[in-house]
1. Restricting the search to region A:259-270, which residues are more than 20 Å from B:Ile216 (Cβ to Cβ) and either touching a residue at least 24 places away in the same chain (Cβ under 8 Å) or among the β-branched types (Val, Ile, Thr) (or both)?
2. Do you know which of the residues in region A:160-209 that are assigned to a loop (DSSP other than H, G, I, E, B) and of a type in the set (Ser, Thr, Tyr) is modelled with the lowest pLDDT?
3. Could you tell me whether A:Ser55 is closer than 19 Å to A:Glu173 by Cα and crowded, with 19+ Cβ neighbours inside 10 Å?
4. Step by step: first the residues of region B:48-69, then only those that are buried (at least 16 other Cβ atoms within 10 Å of the Cβ) and small (Gly, Ala, Ser), then the one that is farthest from B:Gln215 (Cα to Cα). Which residue is that?
5. Criterion first (without any contact (Cβ under 8 Å) to a residue 40 or more places away in the chain, within 20 Å of B:Ile228 (Cβ to Cβ), assigned to a helix (DSSP H, G or I) and not hydroxyl-bearing (Ser, Thr, Tyr)) does A:Met155 satisfy it?
6. Determine whether region A:79-96 contains at least one residue that is free of Cβ contacts under 8 Å to residues at least 24 places away in the same chain, aromatic (Phe, Trp, Tyr) and more than 7 Å from chain B (Cβ to nearest Cβ).
7. Could you pull out the residue among A:Leu30, A:Leu38, A:Leu48, A:Leu34 that is exposed (fewer than 14 other Cβ atoms within 10 Å of the Cβ) and not assigned by TED's automatic domain parsing to the domain that holds A:Thr258?
8. Would you confirm whether any residue within region B:201-224 is at the interface with chain A (Cβ under 7 Å from one of its Cβ atoms), at pLDDT below 85 and assigned to a helix (DSSP H, G or I)?
Amino acid sequence: MQGELAGGGLRQARSGRSLKRAMPVWVGTLALLLPTYLWLTLAIFLPLLGMLVFSFLTKAPFGNAKPAFTFDQYLAFVRQPYLIDVAWTSLRLALVTTGLCMILGLAAAMALKQAASGRARTILFMLIILPFWTNGLIRIFSWTMVLREGGFIDMVIRAFWPGAPSIGLLYSEPAIIIGLVHGYLPYMILTCFISLLAIDDDLIDAARSLGARNYVIFGKIILPLALPGLISGAVLTFVPVIGCFMEPRILGGRVGVTMGTVIEDQFTSAFNWPRGAAFSFSMLALVLVVFALFSSVLRQGGIAREDG
Amino acid sequence: MTHVARAFLLGVLLFLYAPIIVMVAMAFNASPLYAMPFEFSTRWFGALAGDAVLIDSTRNSLVIAVLTAVIATILGTAASLALERKRFMGRAILRILLLPPIAIPWIISGTAMLLFFFWTGIGRGFHAMLIGHVALAIPYVVLVVGTGLKNVRVDLEEAAQSLGSTPLHAFFAVTLPLLAPSIAAAALFAFAVSLDQFVISYFLATPGYSTLPVQIYTAIRKGFTPEINAISALLLGFSMLAILAFVCLSKAGGTLERR
């Protein structure tokens, strides 16, 4: 591989020597690219294709099974209306989590820019980013310590009011949302902060000296310029959250039934793989639809990024 | 305004750290039911030492993470050399094709791998997980090394060649040392991506072969025990060390590039 790599470099150098060991440039380029894309084909593209095929089968084609073509797996959404509710739960969790992360993340990024500078700001920034480097499972598990009956929150309340009833937030939708926001907020702060850093403070001073009020400065300067960061943060949050299953299982208990947990069940306990495949593709479709709905905003963010 | 901003930041930090601190504190509490008052004990860490399943899965996690780092770094660096330095048709499409591993929810790619690997006889377990982890890590490597390549000037390599260096030697003597910090950062990133990966491992695990996150998930679903706190606290400490190493390396990279 390195030989071909050198062949390509030889050509680029356009020295006389390249004529002696002439090798088409594309051979080198291909040799550099092929391993990566073959690997991705085996690990991602072919499996997705295989899953698409599965989602139209009556049963998994293992052993002596004779599967037939069918739309039934997708029609399950019509025949079992509770699946629509489940899909709505997933979408709601994803939208609420993304929305909360956007509000809190932008506010935290603005506060970070305002409250500190230099070394102090760098340290604060590192402190905010640090939690996201620890395993998500562990962070979700941490919340069970805080939210469960007799957990940290109950302890704090009972310290002030002995004999207070338990808040008992664990195994509820708010618990899932708290855990998810905790998981993805650092991403959002990171992307927003990077966008905000690019804003020239003179611009804000100029607006203020011309009599602009705070909310005008926020709406006309900060928000449009922070949009690329907000949008990349939103995508980074929305995509994993809509597919989440570990968080609803641990923090939601019986309340936490999402598309993610339904798919997990199909593959790990119900063993109806064609059904699971159809659900997975429906979720992918849902993600694409949401992206399409927000495409104008997404594109705006993209353009702003190119300008910046 | 500044006071409000500081108070808000303090609140955010409290929100981010409080649960983690409570979780770690409970790892040192003697009561198996997390009961108060707090009584310091390291018995749960001692219990870990005798837990063969946890030790096995930790070893599996580390082996897969190291192999993922090595393979993904080699493949990704090669690909990013081509994507950054060569001009050819379809480059834009190839770049877009790097997105699916990170842009598709893991549960979709994970179940797709399970289904396809089972169907084709590739099976589950160690090699299946390795295939999956490397695929997830490659896009990050291409991104990190690609950014590094932008800062390494092409003409340095060309200058070496015009002075009589062979292209291979020019690459290894000039570009590679300059790129080394980026490659090291990319390798660490790939290592972290693999070590942190749960969803894909979960679907590709077998009863006999799983990784630490999969074991932790299984344990949590059985019920909360301080042993999970102890292993989580250890893993937390390890991640902190890893990020410190990462920060030091990227600082080294920064100074090297400026030189």
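1. A:Met259, A:Val262, A:Ile263
2. The initial filter retains those residues of region A:160-209 that are assigned to a loop (DSSP other than H, G, I, E, B), namely A:161-172, A:198-200.
Now narrow it down to the ones that are of a type in the set (Ser, Thr, Tyr): A:166, A:171-172.
Numbers: A:Ser166: 75, A:Tyr171: 89, A:Ser172: 89.
Step by step, filter region A:160-209, then rank; the result is A:Ser166.
3. On the way: closer than 19 Å to A:Glu173 by Cα: no; crowded, with 19+ Cβ neighbours inside 10 Å: yes.
So A:Ser55 does not fit the description; no.
4. So, considering only residues that are buried (at least 16 other Cβ atoms within 10 Å of the Cβ) and small (Gly, Ala, Ser), the one farthest from B:Gln215 (Cα to Cα) is B:Ala69.
5. On the way: without any contact (Cβ under 8 Å) to a residue 40 or more places away in the chain: yes; within 20 Å of B:Ile228 (Cβ to Cβ): yes; assigned to a helix (DSSP H, G or I): yes; not hydroxyl-bearing (Ser, Thr, Tyr): yes.
So A:Met155 fits the description; yes.
6. Yes, because at least one residue in region A:79-96 is free of Cβ contacts under 8 Å to residues at least 24 places away in the same chain, aromatic (Phe, Trp, Tyr) and more than 7 Å from chain B (Cβ to nearest Cβ).
7. On the way: A:Leu30 fails: exposed (fewer than 14 other Cβ atoms within 10 Å of the Cβ); A:Leu48 fails: exposed (fewer than 14 other Cβ atoms within 10 Å of the Cβ); A:Leu34 fails: exposed (fewer than 14 other Cβ atoms within 10 Å of the Cβ).
From the options A:Leu30, A:Leu38, A:Leu48, A:Leu34, the qualifying one is A:Leu38.
8. So far as region B:201-224 goes, no, none of its residues is at the interface with chain A (Cβ under 7 Å from one of its Cβ atoms), at pLDDT below 85 and assigned to a helix (DSSP H, G or I).
The values are calculated or read from the model by the stated rules, or taken from the named source; none is laboratory data. Predicted model only: the values in this text are computed from it and were never measured. For neighbour counting, all protein chains shown are included, and Cβ atoms are generated from backbone atoms with ideal geometry for every residue, glycine included.
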